[in-house]
Amino acid sequence: MRTLRFLLIKEFKQIFRNKNLLPMMFLMPIIQLLILPLAADFDIKNINIAIVDHDRSDYAQSLIKKITASDYFKLVAYEINYANAFKLIEQDKADLILEIPTHFEQNLIKEGNQELFLAINSINGVKASIGGSYASAIIKDFNYALATTLYSVNNQNKLSNISVNIINWFNPYLNYQIFMVPGILVILVTMIGAYMCSLNIVKEKEIGTIEQINVTPIKKYIYILGKLIPFWIIGIFVFTLGFFIVGMLVYKITPIGNILLLYIFLAIYLVAMLGFGLLISTYTDTQQQAMSIAFFFMMIFILMSGLYTPINAMPNWAKVIAYSNPVTYFIEVMRMVVLKGSTLKNISTHIYIMIAFAIFFNSWAIINYRKTN
């Protein structure tokens, strides 16, 4: 233990002496956590819509007011010519075109039937599908209100109506920041653990100090512990800063579950990811190589963790990769504990899987690490 203590003192001095590394570990994650959740908003608003009105009747104006009154649409043009509106789509100034045909009001009153044309710029598939759904829902609502009015006038009775009340559980105001902040915090802690750990060890290879340690009688596991423990402590510290200062104070996220559960899972998770960083360092000789490999895996970890895309919506082969990704489980645990108030029983499977990841990565790294090299 005395040897380990001296190694830890050396590692902490080495880390805090590096003035370039300190902002990367402490300042950058906090700045990213402050900015990224504000940008990562899946609630698409300000969809640019151009309306081609051939009818210019009262009903057409009512429909246009209903659409433009919503927060989702922004009227960019009111045309009488479809070709002019289509030019706006070609110039990316409009996302949707709603064309109201001639005799729109007349056909609705006399025949009770009328078709509308909705053209959608689908280069951005997500924005197109959501914008089309929003517009369809508003038109459907307008159609129902109109049918109710006409039926009441003609029959002197009110049309039967079914009222639906919707309750949003766990995130009642559908605030995406509450949904995204825990996930982004996991990504930042992962980068501190895996990325920084791998670079730190490889740096010793580059400057040759690792050779000096290799010729000493220090046992292999003591040396590896001396490398892992500082970043394990730093990872927990960064998580604490991000969770309490940014998450709770800035974004007003109040965890429903037990915070101690998060720290238990975080402690195991960091062991797994530090083992992964150590594994990268055993296969590389320069910081450039380590950065390239770590960047490759980090992109997979981030994009296939369920942070931005629901895992259930992925194809089967992608689900296999997603569930082979340690980040997936921590993001799930964060959302379960913080938003749903899940207990130890609910996350016990995640804990067992993370212990398996920790044993796998660290065992592989220790086996692959040779002091004689």
Cα principal axis extents for segment 1-86, largest first, Å: 87, 22, 15
With -39,500 (n - 2.57) per DSSP H segment of 4 or more residues and division by the full residue count of the chain, the 222 nm estimate, nearest 500 deg cm²/dmol, is -19500 deg cm²/dmol
Grab the alpha carbons of segment 33-79, take their convex hull, and tell me the volume per residue in Å³. 66
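Please get the size of the charge dipole for the chain, origin at its Cα centre, with Cβ charges of +1 on Lys and Arg and -1 on Asp and Glu, quoted in debye to the nearest 20. Intermediate results must be reported in sequence, preceding the final value.
Working: 29 positive and 21 negative charges, 431 e Å.
In debye, rounded to 20, the chain gives about 2080.
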How long are the semi-axes of the equivalent ellipsoid of the chain, taking √(5λ) for every eigenvalue λ of the Cα gyration tensor, in whole Å from largest down? 57, 22, 17
Could you give the accessible area per residue of the chain, probe 1.4 Å, as a whole number in Å²? 55
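Hey, any idea what Rg/Rh is for segment 295-337, computing Rh the Kirkwood way over Cα pairs? Walk me through the intermediate numbers first.
Working: Rg = 9.8 Å, Rh = 10.3 Å.
Reported Rg/Rh (Cα atoms, Kirkwood Rh): 0.95.
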Quick one: pull the percent of accessible area on segment 169-279 belonging to carbon and sulfur, 1.4 Å probe, ligands and nucleic acids left out. 73
Sorted by average packing, counted as other Cβ atoms within 10 angstrom per residue and highest first, what order do 284-290, 232-238 take? 232-238, 284-290
What are the radius of gyration and Dmax of segment 18-134, computed over its Cα atoms and given in Å? 20.9, 80
With T = 4 °C, eta = 1.567 mPa s and Kirkwood Rh from C-alpha pairs, the Stokes-Einstein D of segment 313-373 in µm²/s is about 95
For the chain, the charge dipole (Cβ of Lys, Arg +1; Cβ of Asp, Glu -1; about the Cα centre) points to a positive end, and the Cα of 167, 253, 102 closest to that extreme belongs to 253
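Normalised by the number of residues in the chain, what is the relative contact order in percent for Cα pairs under 8 Å and 6+ residues apart?
Details: 440 pairs, mean separation 67.5, N = 373.
Rounded, it is 18 percent for the chain.
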In the chain, once you exclude exposed GluC sites (Glu not before Pro) (DSSP loop, at most 16 other Cβ within 10 angstrom), what's the longest stretch remaining? 116-373
Which of 351, 9, 244 sits closest to the plus end of the dipole of the chain, meaning its Cα is farthest towards the positive end, when Lys and Arg get +1 and Asp and Glu get -1 on the C-beta? 9
Values of log10 I(q)/I(0), in the order q = 0.17 Å⁻¹, for segment 248-373 under a Debye, Cα-only, solvent-free model: -0.97
What share of the DSSP beta bridges in the chain is antiparallel, in percent to the nearest 5? 25
Compactness index (Cα Rg / 2.2 N^0.38 Å), segment 180-319: 1.20
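Which helices count as membrane-span-like in the chain under these terms: full DSSP H, at least 20 Å along the axis by C-alpha, Kyte-Doolittle mean of -1.0 or more?
On the way: long enough: 2-17 (22 Å, -0.01); 125-155 (44 Å, 0.32); 176-190 (21 Å, 2.06); 220-240 (31 Å, 1.56); 259-283 (36 Å, 2.30); 287-303 (24 Å, 1.56); 344-368 (35 Å, 1.16).
Answer set is 2-17, 125-155, 176-190, 220-240, 259-283, 287-303, 344-368.
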Given segment 77-121 reduced to its alpha-carbon atoms as identical point scatterers, what log10 I(q)/I(0) does the Debye formula return at q = 0.22, 0.24, 0.25 Å⁻¹? -0.73, -0.80, -0.83
Give me the dipole magnitude in Debye, nearest 20, for segment 203-318 about the Cα centre, with unit charges on the beta carbon: positive for Lys and Arg, negative for Asp and Glu. 220
Spin-label point model (7 Å from Cα, Cβ direction): what's the residue 240 to residue 169 distance in nm? 3.5
So which aspartates and glutamates pass the test for residue 10, namely a Cα distance under 20 Å, with those fewer than 8 places away in the same chain ruled out? 204, 206, 211
Given the Cα-Cα distance of residue 19 and residue 316 and 0.36 nm per residue of separation, how much length would full extension add, in nm? 102.4 nm
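Which peptide among 270-280, 56-66 comes first, and what is the full order, when sorted by highest mean count of other Cβ atoms within 10 Å?
Numbers: 270-280: 25.9, 56-66: 15.8.
Peptide ranking by packing, descending: 270-280, 56-66.
The values are calculated or read from the model by the stated rules, or taken from the named source; none is laboratory data. In this text the structure is predicted, and so the values were computed from the model without any measurement. Neighbour counts run over all protein chains shown; Cβ positions are idealised from the backbone, glycine included. With ligands, DNA and RNA removed, areas are computed over all heavy atoms of the protein, side chains included. Shrake-Rupley method; radii C 1.70, N 1.55, O 1.52, S 1.80 Å.
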